[in-house]
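Structure, as structure tokens:
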Amino acid sequence: ICLQMNEPWRVLDDIDRTLQVLQPQHPRRSDLWRRVAVGDLANALIEVSPDRYHPKLIVYGPASIAGPLNNRAKDMRIEWNSSRGVKDNLEDILGIKLPEPSVYQQDGKIKCGICLAFDDGAEIADQVCSSDQCAQSFHRQCLIQWLTTKEDTRQSYNTYFGKCPYCKGNMVVANS
């Protein structure tokens with residue numbers, strides 16, 4: 001088992017060294033994922049597995065930013081070059097420059113527009129208003145609590161449909 005984990009651990013060590021990691025704050029070897037800063041308004045979830053030679057990437061943020069980046073990430077399986085570093089691969093595939101690791105890690109964290117905290121101890125503010133003019137971030141639980149207090153919020157199973165607290169744009173959040 002340890003031998004098959006060498007490559008995923010090497011990739012995670014490279015991520016920790018070269019990218020601005022938002023979560024987990026204190027990664028363990030069992031944490032086979034990282035949430036990294038992609039820019040001021042977006043972040044990405046990177047998952048590694050011994051079953052894949054390339055990481056899985058999902059970008060979160062306003063649709064105008066996350067949509068094109070997620071489309072480019074679909075080519076990761078084809079374009080990934082395991083002889084290059086993670087940051088170089090991601091920058092080439094996504095076509096953007098990724099933020100460097102910060103000495104002051106909190107500077108790279110995204111503040112919740114409801115509780116005004118950078119993280120709530122369990123999660124970062126990864127729910128983002130889809131309006132490019134707003135693009136405010138929220139913790140999932142903060143947003144759900146806020147939406148449930150509003151009369152115009154609809155709920156279908158574990159999904160809430162409501163309005164952004166800042167710009168009144170449409171928001172959808174799933175309670176996972």
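The values are calculated or read from the model by the stated rules, or taken from the named source; none is laboratory data. None of these values were measured; they are calculated from a predicted model. Cβ sites come from the backbone with ideal geometry, for glycine too, and all protein chains shown count toward neighbours. Just so you know, the surface numbers come from the protein's heavy atoms only, side chains and all, with ligands and any DNA or RNA stripped out. Shrake-Rupley method; radii C 1.70, N 1.55, O 1.52, S 1.80 Å.
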Exercise for review: Filter region 25-66 for residues that are open to solvent by less than 10 Å² (accessible area, probe 1.4 Å) and out of contact with any strand residue (DSSP E or B) (no Cβ under 8 Å at 6 or more places or on another chain) and give the result.
Suggested key: none
**Study point:** Number of the exception - residue 85 against (1) at pLDDT below 80; (2) over 18 Å from the mean Cα position of the chain (by Cα); (3) open to solvent by less than 30 Å² (accessible area, probe 1.4 Å)
**Key:** (1)
Exercise for review: Scan region 1-13 residue by residue and report those that are buried (at least 18 other Cβ atoms within 10 Å of the Cβ) and over 27 Å from residue 112 (Cα atoms).
Suggested key: 8, 11
Revision key, fill the gap. Residue count, region 127-141, condition at negative phi and open to solvent by less than 20 Å² (accessible area, probe 1.4 Å), comes to 4
Review point. For region 22-29, does any single residue satisfy the condition of being under 22 Å from residue 83 (Cβ atoms) and aliphatic (A, V, I, L, M)?
Key: no
Check your understanding: Here are some residues: 32, 98. Which one is under 29 Å from residue 171 (Cα atoms), in contact with an Asp or Glu (Cβ under 7 Å, 6 or more places away or on another chain) and among the hydrophobic types (A, V, I, L, M, F, W, C)?
Key -> 98
Revision key, fill the gap. Given (1) of a type outside the set (D, E, K, R); (2) modelled with pLDDT under 85; (3) in contact with an Asp or Glu (Cβ under 7 Å, 6 or more places away or on another chain), residue 117 misses just (3)
